[in-house]
Each structure stands twice: as structure tokens, then as C-alpha cells.
Amino acid sequence: MGAMEDEMEPFEDDQELDNDERELLQQDLVDVQTLKSLLSPRGIKGTVFYCPDCSEDHYLTWDLLTSNLAELLSQGESPIHEPAFEPDPDEYVGWDYARGYLDGYTSYESEELAELAGRIASDLGAAGWKTSDVKGFLARVGLDGAIRPDGGGAGT
Ligand SMILES: [Zn+2]
């Protein structure tokens, strides 16, 4: 009796990120944008993670990582495992390495934040997000205030 139920693990009531997780992800998102701007010119296209779910390394471009993190932040669930297409391992660095690269580079002026928020917005747009979703997302992660109102928006 109830043996079958054991196989159906109840979904953990984990959909809502707590504030700490949210802040960490938000920081990651900003870090990824910074890394992209620092490392892309050096031929580094993204980062590589070992994924315990798939038992393999996932190569993620900066843009892919950005949209994955954004999804995680806005949906509260893990994004799809969507590795980069035929990655060249030489073009990817480990996340730890990348984070180490950022040491000493993590104090952001509000102007830099505005720039980063703008880049995140355009990356998400490129990933197919609707403008309203992007705005909503930035508001939820507290980056909307960072975007300076730029005149000359064409409508809506
Ligand atoms: Zn995976």
C-alpha cells in the first residue's frame, strides 16, 4: 500500500527562490555580463560546467548562460540543459576560473551597472524574450532602476 507513491517524489516546494539565492543568481548574472565583456575579446566564448544530472560537461556561451540564469531567476526552476553547439573546449573556461578572474573586479559603479543591465536586456531580447518580459525580469531582480532612461524610445 502506497509503494507506488514512493516513486513519485513530491516536488519540493522550491519554486520560490529565497532572497539569498536570488541575490546570488543576480550577482552571477552581472558577473556573466562582465566576464563576457572581458573575455570575449580574448576569444573565450563561455564557460564549462560539470553537470551532475547529465554526467557530462556543459559548454555554455555567455549569452546562453545569461538567459539560463535569467530563466532561473524569473521561473525559479532549472533551465533546460542546452549545451552550446559543437563547442571548442579551448574557447571555454571553467566557472571557478572565471570567478577568480573577477576577483578584484566586483565593485560596480552605478553607471557600469546600468550598462550591464542594458546588455542583459539586449542579450535576453536576442534570446527571444519579449520586451515586456525583459522589463519585468529586470524589475524583479532589481536591475530596472539601474537602467537610465534613454530618450528617443520609439513608442510604447
Ligand atoms: Zn545537464
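Readers should treat all values here as calculations from the given coordinates under stated rules, not as data from a laboratory. Since we're looking at a predicted model, the values are computed, not measured. No Cβ is skipped: glycine too gets one built from the backbone with ideal geometry, and neighbour counts run over all protein chains shown.
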Share, in percent, of DSSP beta bridges within region 17-107 that are antiparallel, nearest 5: 65 percent
Calculate the translational D of region 17-107 in whole µm² s⁻¹ from Stokes-Einstein, where the hydrodynamic radius comes from the Kirkwood formula applied to all Cα pairs, the temperature is 10 °C and the viscosity 1.306 mPa s. 117 µm²/s
Charged-residue dipole, Cβ positions (Lys, Arg, Asp, Glu), region 17-107 about Cα centre, Debye nearest 20: 400 debye
Out of Leu25, Leu69, Ser40 - ranked by how far each Cα lies towards the positive end of the dipole of region 17-107, with unit charges on the beta-carbon of charged residues - the top one is Ser40
